[in-house]
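Data block below; observations after.
The values are calculated or read from the model by the stated rules, or taken from the named source; none is laboratory data. Fair warning: this is a prediction, and the values are worked out from it, not measured in the lab. Every residue, glycine among them, receives a Cβ derived from its backbone with ideal geometry; neighbour counts consider all protein chains shown.
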C-alpha cells in the first residue's frame, strides 16, 4: 500500500480517537498491525509520535477563545471569585504536575507495554466497564463549569490519569472524564477540563519523545517527511471535527456508547492476539 495512503488512514484514526475515550494508542497499534507495518520500526514509531502534534494543535485552535479568556482573567477569574490557588490555569497546571512526575518515572514500564495487544485489549474492556458504571452512578454533579472547580478535584483527576500512562489502552480522555465525574463534575465540565489538561500533557509527552527520538538518530528523507506532514494535517482536521461533535453529543447524552464500543473492541483485540500466539 502507498505510504501516503497509509499516512492518511493513520492520521484519520489519530484524529478520530485522540480525544474520544476509546484510546488512540490502542487504535494506532491495531491499525499498524492490520496494515502489516513493522511496529518496532523507528520510522513508524516516530510517525505515531509526530502526528500527535496535529491533534494537540487542534485543541489549541478550537478552544482559543476560552484559553485567551483564562490568560486575561488570571488570577481573579471570569467572575472575580478566583485566586492564584484555584484559577483554571492553576488547576490545569496542578493536574499536569500530579500526572507528569509519576508518568516520567514509569516511562520504561510504559514503553515495554505499548505493543502488547493483550494489555491493550484488557485495558479497553476494564475502562469500558468503569466508564459505564461511573456514567450511571454519578448523575448529580455539584460542579457545572471549570471556573467552579477546586484544587483537590484537579489533583484527583491528575492522579487517576496516571493509569492511562501506565496501561496504554486505558485512554487519557477516559481516565480524566471518569475521574472528573467521580469528583462531582458535570459531564460537560469533565470533558472540557480533559481537553484543557490534554494540552500540557500531550505537549510534554510528545515533546520528550520527539527529542529522544531525534537524539537517538531518527532520520528520514523528503518522502518520509512528506508522509509525516500528511498525517499531521489529516489528524489536525479530523480532530477539530471530532472535538466539535463530541462536545455537542455530551451536552445531550452520556458516554455509554463509548463504553460499549470499548468493551466490544477490547474483546476483539484479545481474540485476535490469542489467535496470533
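A compact table of results
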| read-out | value |
| --- | --- |
| Among residues of segment 251-266, those that are buried (at least 19 other Cβ atoms within 10 Å of the Cβ), assigned to a helix (DSSP H, G or I) and touching a helix residue (DSSP H, G or I) at 6+ places or on another chain (Cβ under 6 Å), counted | 4 |
| Which listed residue, of 154, 175, 130, 100, is at pLDDT 95 or above and part of a helix (DSSP H, G or I) | 154 |
| Hey, residue 269 within 28 Å of residue 2 (Cβ to Cβ) and touching a helix residue (DSSP H, G or I) at 6+ places or on another chain (Cβ under 8 Å) or not | yes |
| Residue 123 closer than 23 Å to residue 246 by Cα and free of Cβ contacts under 8 Å to residues at least 12 places away in the same chain | no |
| Test for residue 181: is it free of Cβ contacts under 8 Å to residues at least 60 places away in the same chain and either surrounded by fewer than 24 Cβ atoms within 10 Å (Cβ to Cβ) or farther than 15 Å from residue 262 by Cβ (or both) | yes |
| Residue list for segment 204-232, filter: more than 12 Å from residue 49 (Cβ to Cβ) and within 16 Å of the chain's Cα centre (by Cα) | 204 |
| Subset of segment 28-45 (residues that are assigned to a helix (DSSP H, G or I) and at positive phi) | none |
| Condition broken by residue 159, with the remaining ones in (1) more than 13 Å from residue 92 (Cα to Cα); (2) touching a helix residue (DSSP H, G or I) at 6+ places or on another chain (Cβ under 7 Å); (3) part of a helix (DSSP H, G or I) satisfied | (1) |
| Lone qualifier among 176, 170 - being surrounded by 14 or more Cβ atoms within 10 Å (Cβ to Cβ) and farther than 18 Å from residue 121 by Cβ | 176 |
